[in-house]
Structure formats: structure tokens, C-alpha cells
Amino acid sequence: MDGALSEMSSLVTRVRELAIQSASDTYSDRERKLIAIEAKQLVSELSRSAQSTKYQDNHLLRGDNKKLDIQVDTKDGKNHRISLDLAEFSQDPVALGIGDIALDNKHQARLSLVKLDYATKEISRSRAKAGAFMSRMQTTSGMLESGSISGKSAHSRIKDADYAKETAENVKNKLISNSQTMVQSQVNNMGSGLLKLLK
């Protein structure tokens with residue numbers, strides 16, 4: 001979404017540059033008509049971008065009256081979801097107030113500058129909202145990843161502790177078994193020594 005908004009911002013900036021040129025007496029009426037053709041094409045591209053920017057089946061920049069809910073936790077409730085209201089992201093030329101701009105004469109070009117300034121502010125506002133949404137998603141993702149790593153680490157420490165306990169128990173049992181065998185051997189050897197003395 002941010003990439004599309006960035007391109008839209010560039011388009012509006014270029015149209016504004018053309019409006020400044022058209023508002024100046026350094027251009028003739030014939031040149032203004034050429035400027036107006038380019039501006040009209042740029043506004044058409046802005047409209048096309050707004051209509052075609054999609055995520056799955058959701059048009060992101062048309063201003064659809066729809067909310068996208070992203071589940072970010074295993075629990076239920078609004079505190080465990082991040083929502084994006086697509087109605088706040090209407091970026092087509094009419095919503096931006098530049099659907100009817102005209103640059104083919106000096107007076108219209110000057111009036112169009114005010115509209116283009118408004119469009120620039122609206123696109124910047126949308127970019128800020130999209131950026132805030134993406135920051136929330138990244139922060140949430142980082143927190144969930146950190147929690148997952150902490151859980152895995154704790155599980156690993158428990159397994160390691162169980163393994164260490166079992167290893168110590170095994171060594172203890174071997175030592176007891178070996179010492180019993182040594183004692184039995186000593187007892188057997190003492191018995192044979194006593195028998196030799198008795199003979």
C-alpha cells in the first residue's frame with residue numbers, strides 16, 4: 001500500500017509542477033493545452049492506481065466501506081486484533097478533490113493549485129496512517145516472535161534440566177552398582193584367603 005501511495009504522491013507532485021507552469025505567463029495558451037494533456041493523463045493514472053491497488057480481493061485505495069481485521073493473538077476480543085478501515089484510504093481523484101482540475105488557462109491553473117495542495121495533504125495523511133498500521137504490525141510480530149522464542153527457550157531449559165537429572169541419576173546408579181560389585185569381589189577374595197589359611 002505504501003508503494004502505491006508513494007507513486008500517487010509523485011503523480012500529484014508532477015501535476016502540481018505542471019499547474020505552476022501553466023499559471024505562469026512564461027507559457028503560451030498552446031503550451032498550456034499540452035500541459036493540460038499531460039496533467040489529464042497523470043490524473044487518469046492516479047485513478048487507475050486507486051482502482052487497481054488490491055490485497056487479495058480487497059481494493060485498498062478506493063475508499064470501500066470495509067474494515068480488514070488482522071488477528072494478532074490467540075485470544076478473542078478487539079484488543080487482540082488490528083483493524084484497517086479502508087474507508088479512510090480513498091485516493092481516487094474525486095476523493096482527493098482533483099477530479100475536475102483544468103490547466104488549459106492561467107486562471108484555472110491557479111485554482112487547481114489549491115486543490116492539488118489538498119490532494120498532497122490527503123495522500124500524506126493516508127501514508128502516515130498506513131505507516132502507523134505497518135509499524136503496529138511489525139511491533140506485534142516482534143512481540144509474538146519474542147514470546148515464542150522465550151517459550152521455546154524455557155521448554156529447552158526444562159528439557160535440559162530433565163536430561164541433566166536423568167544423567168546424574170544414571171551415573172549414581174552405575175557407581176552404586178560398581179561399588180557393590182567391588183565389595184562382592186572383595187568379600188569373595190577374603191573368603192578364599194581365609195580358606196587358604198585354614199588349609
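Bear in mind that the values in this text are calculations on the coordinates, not laboratory data. Quick caveat: nothing in here was measured; it's all calculated off a predicted structure. Counting neighbours? That spans all protein chains shown, and the Cβs are built from the backbone with ideal geometry, glycine included.
Please compare each pair in K54/K121; K67/K115; K33/K129; K75/K165; K75/K129 to a cut-off of 32 Å on the Cα-Cα distance and tell me which ones are over it. Over 32 Å apart, Cα to Cα: K33/K129; K75/K165.
Please give the Cα centre distance for segment 15-30 versus segment 53-116, rounded to the nearest Å. After rounding, the separation between the Cα centres reads 29 Å. On the basis of the beta-carbon distance and an R0 of 45 Å, D25 and D76 show a calculated FRET efficiency of 0.10. Note on H107/Q56: beta-carbon distance plugged into 1/(1 + (r/R0)^6) with R0 of 35 Å gives a FRET efficiency of 0.20. One chain, two ends: D64 and M143. Fully extended at 0.36 nm per residue, the span grows by 25.4 nm beyond their Cα-Cα distance. For the peptides 62-68, 134-140, 170-176, 88-94, the ranking by packing is 88-94, 62-68, 134-140, 170-176, with the highest mean count of neighbouring Cβ atoms within 10 Å listed first.
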